[in-house]
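*Asks:* The following block contains the structure, expressed as structure tokens.
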Amino acid sequence: MQATQELLPDESLWQKTKSKWSRLYILSFMAIPISYALKALVSRELSVEDVGLMYAILWFVGFISIYNDLGLTDALQYFLPKYIIKRDFAKAKGLMYSTLCIQLASGLLLWWAMFLFADVLANTYFSSPDIVTLIQFFGVYFLCLNFFQALQSFYFSVQAVKVEKTIEFLRMLLVLVSVVVIRQFGFLSLFTLGMAWIIWLFISTIGSAWWFRKYYYTSFLSWTHRIEKHDVKKRFSYSIWSLLAANTWTIIAQVDMQLILLYMWKESAWYRSNYMSLNSAASFIFLPLLSFLFPVFTEYVEKWLVGRIRYMRKRIFILTAIYAVGLGIVCSMFGEEISMLLFGDVYQYSWQILAASAWLLVTPILGIINFQLLRSIWSVKQATILQWIVVCIHVLASYIVVQEYSSLIYMSYVFLGSYLLFFVLSQLYIARVWYEKNSSHDYIV
């Protein structure tokens, strides 16, 4: 069994790249074909309405889980590495216990509400009276999801990339295999598809819990736990600000969509939706890297390895700049063909919006890099305040643009410019407040 000091070993950036980031990218991109194959299969076999309902239910459960979580998952991911580095495993165990207990209490309450009001949700929110039973079953899915995400957050916090991503990959693979088998026997329906999602989440949670107990709990967390009032207050302070920050960019996107629907022709909303899909795809290759920055930054902050953080950020910014140039070239030379492949002739205007805003497409990447560092240095409050300042400026700018110009291209400038504004504001804070205070710490990379 691995020794205690090996739970979060001191590794150079090169070692992390070899042992963790390479696995992260391999396992993340292996999951992409599975997701597309599953969607393609059910799209062929089920009606458009049924497929839409399935993913609407999954989105709804994921959405309410954000608020059920109360930001505690972020707090767990922030504090757990700190306790482990300090070898304070009693507090680490107390953190896991308190997070699970709070999520269990709130999860049971929301599950019971979903069970009682399933008919109301089916008739009013989903406009489909036939899915009452399915919604009730997805209440169990929601309850199980809380435990699954807490365990995944533990693996994420200790940078156990192989374990975290393998569990998620196998879960999705088994859902796909189940759907193929059900289809072969002629039983594929909205209900059986939903049950495949529910059953394999339940089994994956059990498997994850077994792995956690065997390889982590018995080695590191089997001692007496400790929960102190002061620590609980700090965790809730962190979690509340994380919760407030969770949906700022979603709010921005929704505000834009409502303004477009209100002041422009209805077709503009279609073009905007497809443009946002292309916009998201432009940053897709960076998503595994961006998500993993938080635990790495948190580890280095706790170990006072400021030099490594500077070095890593510099290299990522250079990589982003190179990517921006390549993205601009691809959009100018092959963007129309890519758009035709994805959306056909109908949505060519979406491509025109993308081409016009290509020079700003990497701004979300820059903003997320800084946001991850701010979370890691206990500046989540400052990050949230900066985000909401940007939201207010964005809403005002979008209103002016939609009133004066009625242009989706200008709306895209405002949207991506908001990310750029957050990056600039957060960069000023990081440079002037944090780097200056910690300029004397080591520069070992």
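*Asks:* State the extension gain, in nm to one decimal, for the chain segment bounded by Gln184 and Glu45, taking 0.36 nm per residue of separation less the distance between their alpha-carbons.
*Replies:* 48.9 nm
*Asks:* Which loop-located trypsin sites (Lys or Arg not before Pro) does region 359-439 contain, where loop means any DSSP state but H, G, I, E or B and the Cβ has at most 15 other Cβ atoms within 10 Å?
*Replies:* Lys437
*Asks:* How big is region 359-435 in terms of Cα radius of gyration and Dmax, in angstroms?
*Replies:* For region 359-435, the Cα radius of gyration and maximum Cα-Cα distance read 13.6, 42 Å.
*Asks:* If you don't mind, another one. Nothing charged except the Cβ atoms of Lys and Arg (+1) and of Asp and Glu (-1): what's the magnitude of the dipole of region 41-157 about its Cα centre? Round to the nearest 20 debye.
*Replies:* Dipole magnitude for region 41-157 comes out near 840 debye.
*Asks:* I've got another one for you. Looking only at GluC sites (Glu not before Pro) in DSSP loops with at most 14 other Cβ atoms within 10 Å, what is the longest site-free stretch of the chain?
*Replies:* The longest uninterrupted stretch comes out as 1-227.
*Asks:* Testing the spin-label approximation: label points 7 Å from Cα along Cα→Cβ at Ser406 and Leu173. State their distance in nm.
*Replies:* 5.4
*Asks:* Now a separate question. Take the residue pairs Lys233/Lys314; Lys20/Lys303; Lys91/Lys162 and return only those whose Cα atoms are more than 23 Å apart.
*Replies:* Too far apart for the 23 Å limit: Lys233/Lys314; Lys91/Lys162.
*Asks:* Separate question: Under unit Cβ charges (Lys, Arg +1; Asp, Glu -1), what dipole magnitude, rounded to 20 debye, does the chain have relative to its Cα centre?
*Replies:* 1760
*Asks:* Mind giving me the FRET efficiency for Val424 and Phe334? R0 is 30 Å, r the Cβ-Cβ distance, nearest 0.05 is fine.
*Replies:* 0.45
*Asks:* Based on the Cβ-Cβ distance from Lys229 to Val132, what FRET efficiency comes out when R0 is 41 Å, to the nearest 0.05?
*Replies:* 0.40
*Asks:* When the Kirkwood radius is taken over all Cα pairs of region 247-435, what Stokes-Einstein diffusion coefficient follows at 20 °C and 1.002 mPa s, in µm²/s?
*Replies:* Estimated diffusion coefficient is 122 µm²/s.
*Asks:* Wrap a convex hull around the Cα atoms of the chain, take a quarter of its surface area, and give that in square nanometres.
*Replies:* Quarter of the Cα hull surface area: 22.6 nm².
*Asks:* In whole Hz and in residue order, list the ³J(HN,Hα) couplings for region 148-154 that follow from phi through the Karplus curve 6.51 cos²θ - 1.76 cosθ + 1.60, θ = phi - 60°; x for Gly and Pro.
*Replies:* Ordered by residue, 3J(HN,Hα) equals 4, 5, 5, 5, 4, 5, 4 Hz.
*Asks:* Using the basic label-point model (7 angstrom from Cα toward the beta carbon), what is the Ala113 to Ala37 distance in nanometres?
*Replies:* 3.8
Values quoted throughout were computed directly from the atomic coordinates according to the rules given, and no laboratory measurement underlies them. If you're wondering where the values come from, they're calculated on a predicted model, not measured in any experiment. Every residue, glycine as well, gets a Cβ built from its backbone with ideal geometry; the counts of neighbours run over all protein chains shown.
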